[in-house]
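Throughout, read-outs are computed from the coordinates displayed, never taken from laboratory work. Only a predicted model underlies this, so the values are computations on that prediction, with no experimental measurement involved. Using ideal geometry, Cβ is built from the backbone for each residue, glycine included, and neighbour counts are taken over all protein chains shown.
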Amino acid sequence: MPVDLLLRNGLVYTQGKIVPRSVAINTGLIEGIYETGLEPDARKVLDCSQSYILPGMIDAHVHLRDLNQSEKEDYASGTMAAAAGGVTTVIDMPNTDPPVLDKATLEWKIERAQANRFVNVGFFTGIPKDTADITSGIIQNVLGIKVYPHAPLSEGVHYNGVRIRECLKTAKKHEIPLLVHPDISDSTIKPESIEEFFSIHGCVSEVRALEQFIFAQNEIGGRLHICHVSCAATAKMIEEHRAEESLTGEVCPHHLFLTRNSFSVENGVPKVLPPLRSSYDCRILMDALKRCTIDIVVSDHAPHTSDEKNQSFLDAASGIPGLETTVPIMLTEVFQGRVSWVEFLRACCSGPATIFGLRTKGVLAKGYDADIIVVSREENIIRGSKFYSKAKITPFEGRRVVAKIRTTIVGGKIVFDEGRFLVGRGIVGRVPLRKT
Ligand code: DOR
Ligand code: ZN
Ligand code: ZN
């Protein structure tokens, strides 16, 4: 019996080196990896000569908005951006309008994502004021619980020691990680100057947040995942406190490659939380990623409208799109020799699969889900105007990359090929993703 699809004669990383191989796909799974000439027959063949065949990225930090904020992004535009950017799985954040604090809102998101998806979509939940209101009906459909100490999703909540312990206990009870946006600044203080913004959301606040959560974790146990680590000091703290998988962390391309000083002070485009830091922080973060102190790379794709971004710094919305820039930027590091293949594959594919319990994803090997990208080593300039995301303003505008996503395959089906979408919405991928 012929297999469904053969990716013929691409470049595959296996046993420590890049070699020519073909990848066979059948019933949505990787059937095997073959030397050229030894492949099984296939109903469809895609010539991948000179191109790299890689697992698609699992982006564990994405804001797809939708619901009452569809003008910023919706599940169709956001997951098209993912597919075009080489991301085959996204995990959607709960700070939506309305926020995910109850079963009905989560079900609304699931329904919207199922109908409009172009890739796999998993979810994180927020945590209601009464942590006991997190029911199994919510838990079975999420991959983690996210908290925002500087901007709590539930009204009347303050992230003191008692609350932090309750959150950790809840996550531990349900055997999922507690994700934290590491900023414990006072949400009631509105900055009156740019300096004040950077001081409120400074590394002191990131360190203090980490101290409080790690201190509580030492008592309660459970798993803690630190979102978008942005400071050298917090990377060092994670290194000191790491104990196998109970403390994990992520970093974004904008914190690895951009600094506050490379933009004019008044420019709202690079405004993001946590803010851009110094070149010293960038260097230490890259070092931490390479040494596995920080486990994974995420985009923190946070779309806003052009009107919201085209403002002076203080008035601009925080957040930048990242689904269409993360894989090309990280692969450029690989192609130019600054990041190894092992580091890339761990940070963008197998690492997030391990942390969030997606055991059938993130690896290009027999038996895994056929979530695959085909990439050519070719020059491309990042242009926000070409994004599928509704958010077209990026601080990476004009950056030269040397990686181009040619084809994206989700669950064995070709979704995106040479700049075109081959399937309609709501057909490929699984929603919601559950721990496997
Ligand atoms: O800059 C940010 N934007 N940081 C966050 O934590 C949230 C995000 C958003 O949702 O826009
Ligand atoms: Zn955040
Ligand atoms: Zn975020």
What is the Cα radius of gyration of the chain over 2.2 N^0.38 Å, N being its residue count? 0.94
Which of PHE118, VAL12, LEU38, positive extreme of dipole for the chain (C-beta unit charges): LEU38
Debye sum, Cα scatterers, segment 188-320, no solvent: what log₁₀ I/I(0) at q = 0.11 1/Å? -0.41
Within segment 168-197, which residues have the backbone N less than 20 Å from the label spot 7 Å out from ASN160 along Cα→beta-carbon, could you tell me? 168-170, 183-189
Out of residues 5 or more away from ILE320 or on other chains, whose amide H comes under 5 Å of its own, with H placed 1.01 Å from N in the peptide plane? ALA302
Beyond 24 Å, what share of the Cα-Cα pairs of segment 1-152 remains, rounded to the nearest whole percent? 48 percent
When DSSP assigns beta bridges and you keep just the ones with both residues in the chain, what percent turn out antiparallel, to the nearest 5? 55 percent
Between ILE189 and PHE335, what FRET efficiency comes out of the Förster formula 1/(1 + (r/R0)^6) with R0 = 41 Å and r the beta carbon distance, rounded to 0.05? 0.40
Once amide hydrogens are built 1.01 Å from N within the peptide plane, the residues lying 5 or more places from ARG406 or on another chain with amide H under 5 Å from its amide H are VAL374, VAL375, SER376
Hey, could you get me the Stokes-Einstein D for segment 179-265, Kirkwood radius over alpha-carbon pairs, 37 °C and 0.692 mPa s, rounded to whole µm² s⁻¹? 234 µm²/s
If one builds a Gaussian network model of the chain from Cα atoms under 10 Å apart, the most fluctuating residue listed among LYS236, LYS404, LYS109 is LYS236
Return the Rg/Rh ratio of segment 311-431 with Cα-based radii and a Kirkwood Rh. 0.99
Over 20 Å between alpha carbons, listed pairs LYS72/LYS109; LYS271/LYS392; LYS103/LYS190; LYS72/LYS392; LYS72/LYS103: LYS103/LYS190; LYS72/LYS103
Label point distance in nm, ARG291-ILE18, each placed 7 Å from Cα along Cα→Cβ: 2.8 nm
